[in-house]
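Working notes for the structure below.
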Amino acid sequence: MISRHVRSAIEKAMAREAAVALVGPRQVGKTTLALEIAAQRPSVYLDLERLSDREKLSDPVTFLNLHRDELVVLDEIHRLPELFSSLRGIIDQGRRDGRGQGRFLLLGSASMDLMRQSETLAGRIEYVDLGPFNALEIEEEQDAIRHLWVRGGFPRSYLAENDEDSLRWRQNFIRTYLERDVPMFGPRLPVETIERLWTMLAHNQGGLLNASQLGRNLSLSGQSVANYIGLLTDLLLIRRLPPFHANVGKRLVKSPKIYVRDSGLVNALLNIETLDDLLGHPVVGASWEGMVIESLLAVAPWRTRSSFYRTARGAEIDLVLEMGAKHGTWAIEIKSGSVPRNEKGFAIALDDIQPSKAFILYGGTERYPKAERTEAVGLRELAQELKSLQPS
């Protein structure tokens, strides 16, 4: 079920640049996808979490030059940050020798460490994102959307034998991040403190960021909370959705909205196991909203700017997609129910920003006009329409 679109994006990127970085959280299938690509050509794979593989690169120039005519896959590249300077020299020499594209495939589970450490590869590297399953990568039945909503899109969670096994996998996944990955990249705090922060964010899914209030609840400074939210964002677990900025003559909300990016992790943090449990929980609407946003952004055209719109007086649009002159600006209101309600605040917000298209995305599947300039539409159909805007 790994995205054919992502695989195609990697192949195209490898035809353009010497190094391609495949970035995504742990357990989304980066290694599986990289090995499938590597199997089609002469290649060598190194897992840099293994000491034996790191030792092979004790003299990186000599080792990599031995494989100059092969694709080199370097998994968990952040384990050897000093390798980037060697890669720069090898890539530059390869260009002079006529071997300029598709030499290195780098895999990383965090955006910030790859971007920071790969500054020396500017102009030599292209990034491709791989996230959990989205609405277009699962079965076409409507039940599959609800399944994705409850379990999230991590393959082993989504494909688990039953809801209990899925929940246990996600809880173990969270524990691994808390005990291993977060301490690796940030200042050490007790695991229980970071877990409480993450759980608070799940309870407040889709809410405005108030780092000071969270800090008071955790006996931490607001700056410490902001730093840890930044770390979880860089680990691709949290999304900060910025406010839309426009000169509309109204006082706009300035704080970002915060989402735990995978709905299955939201549910696991709140100990929600089944759809019935979720439907009876106060987070139900926000959990659906977060899942919808992730699915839409996963298929939106490259360089789409995403935000939300909210005024101090309550006019609001859940998701604004700015896609440039060619495709314009789309305004999307997100409802979890089977009846798409047209809220007054949404209509006022549409008057404010005058989008090219406006939608109420709801839990059903039928598409029909809802108001003079607004359509009701289901998740899969709107995601497909967004994907169709991407170049083939």
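Any read-out appearing in this document is the output of simple, stated calculations on the displayed coordinates, not a laboratory observation. Computed from a prediction, not measured in an experiment: that's the story for all the values here. When we count neighbours, we look across all protein chains shown, and the Cβ atoms used for this are built from the backbone with ideal geometry, even at glycine.
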In degrees rounded to 10, the 0-90 angle between helix 83-96 Cα long axis and the longest Cα principal axis of the chain is 70
Full extension between GLN93 and LEU208 adds, at 0.36 nm per residue less the Cα distance, a length in nm of 36.5 nm
Cβ-Cβ cut-off under 11 Å around LEU48, Lys and Arg +1, Asp and Glu -1: the net charge is -2
In the chain, taking the dipole from +1 charges on Lys and Arg beta carbons and -1 charges on Asp and Glu beta carbons about the Cα centre, the listed residue (GLY152, GLY206, GLY324) farthest towards the positive end is GLY324
Inter-part gap, Cα centre of the range 29-52 to Cα centre of the range 145-205, in whole angstrom, is 26
Most packed first (mean Cβ within 10 Å per residue), the peptides 61-69, 175-183 order as 175-183, 61-69
Lys pairs in the range 142-387 with Cα under 18 Å (8 or more apart in sequence, or on separate chains) total 11
quick note, the chain, DSSP beta bridge pairs, % antiparallel (nearest 5) is 40
With 0.36 nm assigned to each residue of separation and the Cα-Cα distance removed, ARG251 to LYS12 gains 81.7 nm
Spelling it out for GLY207: with amide H atoms placed in the peptide plane at 1.01 Å from N, the residues 5 or more places away or on another chain with amide H under 5 Å from its amide H are ILE258
Quick numbers on the range 4-129, Rg and Dmax over C-alpha atoms in Å, give 13.1, 37
With a Förster distance of 56 angstrom and the Cβ-Cβ distance between VAL61 and TYR368, calculated FRET efficiency to the nearest 0.05 equals 0.35
The size of the Cβ-based charge dipole (Lys, Arg +1; Asp, Glu -1) of the range 4-129 about the Cα centre, to the nearest 20 debye, is 340
For GLU192, placing the label point 7 angstrom along Cα-to-beta-carbon and taking the range 217-249, residues whose amide nitrogen sits under 14 Å are 218-219
To the nearest 10 degrees, the tilt of helix 222-234 (Cα long axis) against the first principal axis of the alpha carbons of the chain is 60
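Taking square-rooted eigenvalues a ≥ b ≥ c of the alpha carbon gyration tensor, is the range 142-387 rounded, prolate or oblate, where a/c under 1.5 means rounded and, failing that, a/b exceeding b/c means prolate?
Oblate is the answer for the range 142-387, as a/c is 1.5 or above yet b/c matches or exceeds a/b.
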A correct Karplus calculation of ³J(HN,Hα) over the range 270-284, with 6.51 cos²θ - 1.76 cosθ + 1.60, θ = phi - 60°, whole Hz and x for Gly and Pro, returns 9, 6, 9, 9, 10, 4, 4, 4, 5, 5, x, 9, x, 7, 3
Residues meeting the amide H criterion for ALA376 (H placed from the backbone, H to H distance under 5 Å, 5 or more places apart or on another chain) are ILE360, TYR368, LYS370
FRET efficiency for GLU381 and ASN217 from the Cβ-Cβ distance with R0 = 41 Å, rounded to 0.05, comes out at 0.50
Length-normalised contact order of the chain, Cα under 8 Å, at least 6 apart, in percent, tallies to 13
Dividing the helical contributions, -39500 (n - 2.57) per DSSP H run of n ≥ 4, by the residues of the chain yields a 222 nm value, nearest 500 deg cm²/dmol, of -12500 deg cm²/dmol
Karplus ³J(HN,Hα) for the range 334-349 (6.51 cos²θ - 1.76 cosθ + 1.60, θ = phi - 60°; Hz, whole; x = Gly/Pro) runs 10, 10, 7, x, 8, 10, x, 8, 9, 7, 4, x, 5, 4, 5, 5
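Can you tell me the dipole magnitude for the chain around its Cα centre, using point charges on the Cβ only (Lys, Arg +1; Asp, Glu -1), in Debye to the nearest 20? Provide the component values of the computation, followed by the final result.
Numbers: 50 positive and 51 negative charges, 268 e Å.
Its charge dipole is roughly 1280 debye.
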Diffing the range 191-205: the Karplus 3J(HN,Hα) column from phi (6.51, -1.76, 1.60, θ = phi - 60°), in whole Hz with x for Gly and Pro, holds 3, 5, 5, 5, 5, 5, 4, 4, 5, 4, 5, 5, 4, 9, 3
